[in-house]
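The values are calculated or read from the model by the stated rules, or taken from the named source; none is laboratory data. Computed from a predicted model, the values in this text were never measured in an experiment. Note: ideal-geometry Cβ built from the backbone for every residue, glycine included; neighbour counts use all protein chains shown.
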Amino acid sequence: MKSPSAHNELRHSIMENPVDILALQEPYVFRNRIPFSLSARAFHSHPLNDIIYSAIVVINNSLIVDQLSDFTNSFATTLLIQTKHRYLVLVNIYIHSNSFGVIHQNFFTSLLSTYSNLPIILCGDFNARNPYWHDVVTNRNGYMFKEVIDNHNLIVINNKSKTCRNA
C-alpha cells in the first residue's frame with residue numbers, strides 16, 4: 001500500500017466500515033508519518049533504510065494500548081492491548097521474500113515465550129507460501145514459518161481463500 005491512491009481507497013473503506021485497529025504492511029508514509037486522522041494513533045516498525053515496513057493504526061481512542069519496544073524492530077510492530085477482561089498482544093509483521101531467517105525465528109520464540117500467558121495475534125505479510133494455509137506451493141519463507149507454527153502450536157485462521165497474489 002505504498003501509494004497515496006491505495007491509502008485514500010483504504011481511508012474511504014474505513015469510513016464506510018468503521019474499524020478499531022488496522023495492521024498495515026508497507027504503509028504509505030508522508031513527511032515521516034502515516035497519514036490518518038489526528039486522533040488516530042499510529043505505531044510503526046523501526047525504519048530500515050528510511051522505509052517503514054509495518055504499522056498498526058489504532059482508530060478507536062477508547063482502546064488502551066502500549067507499544068512493546070522489545071518486540072518492535074525493522075520488520076515487526078507489537079502492541080499490548082487492554083481489553084475489558086485481559087490483555088492481548090497484537091503483532092504486525094513484514095518479511096521480505098526469501099529472507100525468513102534465524103533473526104525471525106528467534107523473534108517468534110522470544111515473543112511467544114515472553115507472552116505465553118496472553119493471547120497473541122500474529123498478522124502481516126510473511127511472503128510465505130505453504131499448502132498449510134491453502135496455497136499451492138511452498139517457498140523458503142513458507143517452510144520456515146510453518147516450522148514456527150509447528151514448534152509453538154500456533155493456529156492458522158484462514159477461510160481457504162487465496163493468501164497470495166502476483167502483483
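Here are the numbers for this structure:
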item: Test: residue in segment 64-72 that is exposed (fewer than 15 other Cβ atoms within 10 Å of the Cβ), among the β-branched types (Val, Ile, Thr), touching a residue at least 12 places away in the same chain (Cβ under 8 Å) and under 22 Å from ALA40 (Cβ atoms); result: yes
item: Tally of residues being within 16 Å of THR109 (Cα to Cα) and of a type outside the set (A, V, I, L, M, F, W, C) across segment 78-91; result: 1
item: Verdict on ASP70 being within 22 Å of LEU111 (Cα to Cα) and outside any strand (DSSP E or B); result: yes
item: Selected residue (only one of PHE43, PHE36 is surrounded by 17 or more Cβ atoms within 10 Å (Cβ to Cβ) and more than 25 Å from ARG86 (Cα to Cα)); result: PHE36
item: Residue within segment 48-56 that is loosely packed, with under 13 Cβ neighbours inside 10 Å, among the aromatic types (Phe, Trp, Tyr) and either touching a residue at least 24 places away in the same chain (Cβ under 8 Å) or outside any strand (DSSP E or B) (or both) present; result: no
item: Spans of strands (runs of 3 or more DSSP E) in segment 76-167 with at least 1 residues touching a residue at least 40 places away in the same chain (Cβ under 8 Å), in contact with a Gly (Cβ under 7 Å, 6 or more places away or on another chain) and surrounded by 14 or more Cβ atoms within 10 Å (Cβ to Cβ); result: 87-94
item: Qualifying residues in segment 12-24 (those that are within 18 Å of the chain's Cα centre (by Cα) and surrounded by fewer than 14 Cβ atoms within 10 Å (Cβ to Cβ)) - the one modelled with the lowest pLDDT; result: VAL19
item: Any chance PRO27 is of a type outside the set (Phe, Trp, Tyr), out of contact with any Ser or Thr (no Cβ under 7 Å at 6 or more places or on another chain), in a loop (DSSP other than H, G, I, E, B) and surrounded by 18 or more Cβ atoms within 10 Å (Cβ to Cβ); result: yes
item: Selection status of SER62, farther than 24 Å from LEU112 by Cα and assigned to a loop (DSSP other than H, G, I, E, B); result: yes
